[in-house]
Structures are given as structure tokens and as C-alpha cells.
Amino acid sequence: MSRLITRRAALVGSVGAGGLMLAGCDRLSAQDSSFRHVLDAAEGWTRASQRLLEKPDQLAPEYKASQLSAHFYANGTTMPEGDDYAQHTDNQFADWRLVIDGLVRRPLSLSVAQLRALPSRTQITRHDCVEGWSAIGQWKGVQLGLLLRAAGVLPQARYTVLHCADNLDGEPGKGGQQSAGQYYESHALVDSFHPQTLIAYDMNGRPLDVAHGAPLRLRLERQLGYKQAKYVQRIQLVDSLHGLHGGQGGYWEDRGYEWYAGI
Ligand SMILES: Nc1nc2c(c(=O)[nH]1)N[C@H]1C(S)=C(S)[C@@H](COP(=O)(O)O)O[C@H]1N2
Ligand SMILES: [Mo]
């Protein structure tokens with residue numbers, strides 16, 4: 001183990017679970033430049049994100065464990081169709097990758113195990129769906145800002161676009177008969193770098209289940225449910241939303257919903 005990696009592994013370990021993390025980092029970082037870039041970015045990011053967390057007016061409310069909803073409804077796609085996703089569930093998402101590309105200096109490709117070895121944030125927040133239901137859940141994941149910092153967002157980038165593994169057919173609950181399409185979402189950079197914006201892998205203390213977006217989903221806590229992309233495989237940095245799918249920045253936006261869905 002080189003001295004550099006030792007120091008970085010120790011840094012990650014101090015945020016996470018000590019010795020276990022250290023061993024894990026060593027194994028996961030071997031020959032993998034994506035993972036090393038994220039470890040490089042972690043140090044400065046932790047301080048920057050901590051400063052943002054000291055501004056309560058800009059944060060979504062966080063709740064106590066005693067306030068967790070007994071049942072968290074699952075909405076939209078609850079089981080992506082097709083062989084690709086079935087293969088991922090068959091091998092416990094070992095080959096799933098989160099790719100970060102587009103207008104970045106260093107495109108990244110990270111496994112779920114690598115994401116789990118990084119510094120994490122855990123938060124208990126309320127999810128509000130436009131269909132009129134809410135639920136309080138606990139989310140654990142990597143702050144998206146850390147990953148973006150590691151990828152090196154280029155100055156001309158304005159949005160993150162989250163590409164998901166599922167096709168959605170429209171929902172009876174939203175009027176039905178919407179055209180089928182690949183689910184995707186997009187966000188402004190300022191919201192993507194927000195300290196409560198996570199690529200989440202655990203929900204209520206357990207790995208995300210398929211209905212809630214396994215293995216990775218977005219949590220971006222000051223906007224409505226449909227902005228919380230599940231089954232995320234790729235985050236593309238773009239300067240414009242126009243050439244993507246219907247051009248309005250998201251599956252539901254292409255079908256008439258607001259792009260900025262603040263709550
Ligand atoms: N990939 C994908 N993400 C999605 C959806 C979907 O159908 N596909 N539905 C959205 C909607 S409308 C809501 S309310 C939430 C529901 O998240 P949950 O199933 O964990 O409750 O996911 C959002 N993200
Ligand atoms: Mo929703």
C-alpha cells in the first residue's frame with residue numbers, strides 16, 4: 001500500500017467504520033482511477049459540505065427515527081422490466097455501475113461497493129409525491145457533490161441528468177395513458193451540490209429494495225417525489241436539456257409537469 005493511499009484510506013475510515021473501511025479501500029482502489037479520483041476529492045469536499053450544512057434555512061427539515069413512517073409507499077416503476085435489470089438482481093448488483101460523464105474533466109465509473117466505501121451521509125426526510133401522499137424515510141448514501149467534485153465539472157455545465165434503468169408506461173394515478181419512455185430526471189448544479197443531495201444505497205437501515213430504486217437512487221430533498229430518480233445508472237453533465245428525450249428535462253416534465261418542483 002503506498003503512503004498516499006494509506007493516508008486517504010485513513011481519511012475515509014475516519015468518516016466511516018474504521019479498520020474495515022481501510023481494508024476495503026485498499027482492495028477497491030487497486031488499479032481503479034475512478035475510485036482514486038473520488039478519494040482525492042473527499043478531503044476538501046467534506047469541509048465545504050460541512051459549511052453548507054451550517055445554514056439551516058437552506059436545508060430540508062430532518063426528522064427523528066421515532067417519526068419514520070411505518071409504510072413507505074412505492075410509486076411509478078416498482079420492478080424495472082427486461083433482462084438487463086433481471087441480471088443485475090440475479091447477481092446482487094455486483095456489475096452495476098454509476099457512470100458520471102458528459103461535461104466533466106474525468107468521467108467516472110463506480111461500483112456500488114466503491115460507493116459504499118466512501119464517506120456517507122444519513123438523513124431522515126419527508127418525501128412528498130404530487131399524487132398526494134407523503135412518507136418519512138431514512139436515507140444513507142454518498143453526497144452527489146463529492147462525486148461531481150471528483151469528476152471535475154466543466155464551467156459550461158449547467159445541469160445533471162440522471163438516466164434510469166426503467167421504462168415507465170404512465171400511471172393510472174396521474175391520469176393514465178401517458179406514453180412509455182425511459183425514466184430520466186435533471187437538476188440544476190446548485191441543487192446537485194446541495195449537502196442533502198445523495199446517491200442513496202440504503203433506506204431505513206437496509207440496502208434499497210427493488211421497489212424503492214435498487215441499487216442506487218437520488219435523494220434531493222427540497223423537491224417533489226418525481227424528481228427523486230430511482231435505478232440510476234448514469235449522471236450526465238450537460239449545458240442544455242434540449243436534445244434529451246422530450247427536451248423538458250424529465251420523464252414527467254416531458255408530459256407537462258414543472259421542471260422545478262420545489263416544496
Ligand atoms: N426511475 C424512476 N424513478 C422514479 C419514478 C419512476 O417511476 N422511475 N417515480 C418517481 C415518483 S413519481 C415518486 S413519488 C418516487 C417514488 O419513490 P418510492 O417508490 O421510493 O416511493 O420515485 C420517483 N422516481
Ligand atoms: Mo410521485
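Bear in mind these aren't lab numbers, they're just calculated from the coordinates by the rules spelled out. As the structure is a prediction and not an experimental result, all values here were calculated from the model. Please note: Cβ atoms are built from the backbone with ideal geometry, for glycine as well, and neighbour counts cover all protein chains shown.
Shape class of segment 35-111 from the alpha-carbon gyration tensor: oblate, with a/c at 1.5 or above and b/c at least as large as a/b. Computed over segment 186-241, the alpha-carbon pair-distance distribution with 5 angstrom bins reads 4, 18, 29, 26, 16, 5, 2, 0, each value a whole percent.
Based on every Cα atom in the chain, Rg and the maximum pairwise Cα distance Dmax equal 17.9, 59 Å.
Computed extension length for Asp83-Asp95: 2.9 nm, one decimal, from 0.36 nm per residue of separation with the Cα-Cα distance subtracted. Under 17 Å from a label point set 7 Å out along the Cα-to-Cβ vector of Tyr63, the amide N atoms of segment 121-152 belong to 122-140. Could you work out how far helix 19-29 tilts from the main Cα principal axis of the chain, as a 0 to 90 degree angle to the nearest 10? Tilt relative to the chain: about 80 degrees.
Before anything else, pin down the relative contact order of the chain: Cα pairs under 8 Å, at least 6 apart, normalised by residue count, whole percent.
On the way: 507 pairs, mean separation 54.4, N = 263.
Reported relative contact order: 21 percent.
Treating r as the C-beta distance of Ala74 and Ala113 and R0 as 25 Å, the FRET efficiency rounds to 0.50. Between exposed trypsin sites (Lys or Arg not before Pro) in the chain, where DSSP calls loop and at most 10 other Cβ atoms lie within 10 Å, what's the longest gap? Free of exposed loop sites, the longest segment is 106-263. Calculate the tail of P(r) for segment 37-186: the fraction of all Cα-Cα distances greater than 25 Å, expressed in %. Taking all Cα-Cα pairs of segment 37-186, the fraction more than 25 Å apart is 46 percent.
With 0.36 nm allotted per residue and the present C-alpha distance subtracted, the Arg105-Arg255 stretch has 50.7 nm of extension available.
Ranking Leu198, Thr160, Ile235 by Cα position along the charge dipole of segment 131-263, where only Lys, Arg, Asp and Glu carry charges on their C-beta atoms, puts Leu198 farthest toward the positive end.
Give me the net charge for the shell around Asp90: Cβ to Cβ below 14 angstrom, other residues only, Lys and Arg +1, Asp and Glu -1.
Working: positive: none; negative: Asp83, Asp84, Asp95.
Overall, the nearby charge balance is -3.
So how many Å³ per residue does the convex hull of the Cα atoms of segment 120-212 work out to? Each step should come with its number before you reach the end.
Numbers: hull volume 11.8 nm³, N = 93.
Hull volume over Cα atoms, normalised by residue count, gives 126 Å³.
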